[in-house]
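What follows is a short report on a single structure.
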Amino acid sequence: MSYTEEVYERVVAQNPGEPEFHQAVKEVLDSLEVVIERNEEEYRELSILERLVEPERIISFRVPWVDDKGVVQVNKGYRVQFNSAIGPYKGGLRFHPSVNQSILKFLGFEQIFKNSLTGLPIGGGKGGSNFDPKGKSDREVMAFCQSFMTELCKYIGADTDVPAGDIGVGAREIGYLYGQYKRIRNLSEGVLTGKGLSYGGSLIRTQATGYGVVYMLDEIMKAHGDSCEGKTAVVTGSGNVAIYAVEKITQLGAKVVAMNDSNGYIYDPNGINLDVVKDIKEVKRGRIKEYAQRVEGSVYTEGLGIWNIKCDIYLPCATQNELDLEGARILVANGCKYIVEGANMPTTLDATNYVMNNGVLFMPGKAANAGGVATSALEMAQNSMRLSWSAEEVDTRLHSIMKDIFAKVDDAAKRYDMEDNYVVGANIAGFEKVVDAMKAQGIV
Ligand code: NDP
Ligand code: 2IT
């Protein structure tokens, strides 16, 4: 059995009931096989892979709060501090009823390689809660955030661990979390990113993940003599990442004809009117089906199946494992040529292999959505310098970081004779820097 297979079996045996974590580890270890076999003895001697798959620390805690009816509610809170070899732990907080340790470990593990790819000094972490912000009043969200931070603040700091947003955590939640941190620790520091512009946030952070996904798509297309102009696209989700991916891809000349949320999808053959989506999602916190009531010529379909809409470009920007083999087959049959992941691990392993074997250029989330965390690192830099850059400055840096990530991923794939295999390229390029830092720092 190869070293990577041994470590994968060990992960499955030692982390029972964590299928998402196993899946993320498997994808990375399979990609690393070609790197490891060139230097197996040294990696084994240092137990590099055993250390890489074991979080440095997991904090889990009780989050009690009082709802609007005066009833005491209790949620689970977590922070997975996975790997600090190249910098302070960095990664989002997710508030969603599905959150558990497996999901946060998969996200924290992915974050190590993603953050490495950005070229910036940030380690990997992730956290969150099974709290569901949907349908809660602002006061309830504030009560929850204050209780969550009352515990979390003991373990984070601008040079230790810097959380940010993810599913269910946006500007409102970051504001309440930051206020409570400052109140307890008496520190005005860049301990969270995605902050409001009036208290240390960075211009373009809101747009960064979605814009970055499209900058990455543009690089892939350019490298293959193609462009977005005149193409049809489907973007899944209708949250932060999806909205700004739609904004940028539309600017580049593609037409987005479908988006969704967890209830169903809208199809608009005239091209999605993003102002309507922003009003529904960012202002009213409503459901995507309201779009069909507001925009003539559009249709709402309840449930799954957005992959049935014919497109050249598919950007999955909602959640893990949203695209399975069945959806992948339909996308390929309908002529889809590019899949660039805005979400983290939205494509199952089967579906990934299928599309890559059938001529689709596929860029994994850890490379494609890295613009969000990269811009978070730019926010940290601005906070440390106590100044703020213009939107143009941040956007230019974001764009050049995404170009640089594409170049690194492309180069790693070519070095190992797997041109256009961006899964392998991203995992190898991300791993190389982390392993270098781990080796330099000894057995820790
Ligand atoms: P938001 O909470 O803003 O939006 C999430 C969107 O995905 C919503 O439309 C939501 O629909 C949909 N969604 C969530 N869970 C499910 C589900 N189980 N089934 C179907 N649809 C679902 O989150 P973000 O846009 O920030 O995050 C989207 C993805 O991008 C996540 O995978 C996240 O990890 C990743 N990401 C985010 C970054 C960021 O900067 N925000 C950076 C890099 C990656 P509904 O409203 O119905 O729940
Ligand atoms: O998955 C991710 O990269 C994020 N949710 C953003 C993390 C961050 O620290 O900005």
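What follows is calculated from the coordinates using simple rules that are stated; it is not laboratory data. All values reported here derive from a predicted model rather than from experimental measurement. As a convention, Cβ positions derive from the backbone with ideal geometry for all residues, glycine included, and neighbour counts pool all protein chains shown.
In the list Pro55, Pro16, which residue meets the criterion of being in a loop (DSSP other than H, G, I, E, B) and either closer than 15 Å to Val435 by Cβ or without any contact (Cβ under 8 Å) to a residue 24 or more places away in the chain (or both)?
Among Pro55, Pro16, only Pro16 is in a loop (DSSP other than H, G, I, E, B) and either closer than 15 Å to Val435 by Cβ or without any contact (Cβ under 8 Å) to a residue 24 or more places away in the chain (or both).
Which of the helices (runs of 4 or more DSSP H) found entirely inside the stretch 364-435 contain at least 3 residues meeting this: under 30 Å from Thr4 (Cα atoms) and of a type in the set (Asp, Glu)? Steps first, answer last, please.
Numbers: elements: 365-368, 370-385, 391-415.
Because the criterion is at least 3 residues that are under 30 Å from Thr4 (Cα atoms) and of a type in the set (Asp, Glu), the helices (runs of 4 or more DSSP H) in the stretch 364-435 that meet it are 391-415.
Here Ser102, Ser116, Ser147 are screened, and the one residue that is assigned to a helix (DSSP H, G or I), among the small types (Gly, Ala, Ser) and within 14 Å of ligand 2 (Cβ to nearest atom) is Ser116.
Check Asp132, Asp138 and return the single one that is in contact with a helix residue (DSSP H, G or I) (Cβ under 9 Å, 6 or more places away or on another chain) and farther than 30 Å from Met363 by Cβ.
Just one listed residue meets the conditions, Asp138.
Among the candidates Thr375, Thr396, the residue that is of a type in the set (Ser, Thr, Tyr), free of Cβ contacts under 8 Å to residues at least 60 places away in the same chain and more than 21 Å from Asn321 (Cβ to Cβ) is uniquely Thr396.
Residue under question is Ala233, and the condition is that it be closer than 23 Å to Ala164 by Cβ and within 24 Å of the chain's Cα centre (by Cα); does it hold? No; evaluated as a whole, the condition is false for this residue. Residues that are in a loop (DSSP other than H, G, I, E, B) and small (Gly, Ala, Ser) were ranked within the stretch 150-171; the one that is surrounded by the fewest Cβ atoms within 10 Å (Cβ to Cβ) is Ala158.
I'd like to check something: does the stretch 208-222 contain any residue that is crowded, with 21+ Cβ neighbours inside 10 Å, under 30 Å from Glu140 (Cα atoms) and of a type in the set (Gly, Ala, Ser)? Yes, the stretch 208-222 has at least one match. Quick one: in the stretch 290-328, of everything that is touching a Gly at 6+ places or on another chain (Cβ under 6 Å) and part of a loop (DSSP other than H, G, I, E, B), which residue is farthest from Asn344 (Cα to Cα)? Out of the qualifying residues, it is Gly303. If you go through the stretch 223-238 one residue at a time, do you hit one that is surrounded by 23 or more Cβ atoms within 10 Å (Cβ to Cβ), small (Gly, Ala, Ser), within 16 Å of ligand 2 (Cβ to nearest atom) and over 19 Å from Asp404 (Cβ atoms)? Checking the stretch 223-238: at least one residue is surrounded by 23 or more Cβ atoms within 10 Å (Cβ to Cβ), small (Gly, Ala, Ser), within 16 Å of ligand 2 (Cβ to nearest atom) and over 19 Å from Asp404 (Cβ atoms). Residues of the stretch 91-113 that are under 14 Å from the mean Cα position of the chain (by Cα) and of a type in the set (Val, Ile, Thr): Ile103, Ile112.
Hey, can you tell me all the residues within the stretch 281-303 that are among the aliphatic types (A, V, I, L, M) and in contact (Cβ under 8 Å) with a residue 24 or more places away in the chain?
Ile288, Ala292, Val295, Val299
Evaluating Pro88 against the criteria (1) under 17 Å from the mean Cα position of the chain (by Cα); (2) within 11 Å of ligand 2 (Cβ to nearest atom) leaves one unmet condition, (1). Of all residues being over 20 Å from Pro19 (Cα atoms), more than 16 Å from ligand 1 (Cβ to nearest atom) and touching a residue at least 60 places away in the same chain (Cβ under 8 Å) in the stretch 338-360, which is surrounded by the most Cβ atoms within 10 Å (Cβ to Cβ)? Just the residue, please. Top of the filtered list is Tyr338.
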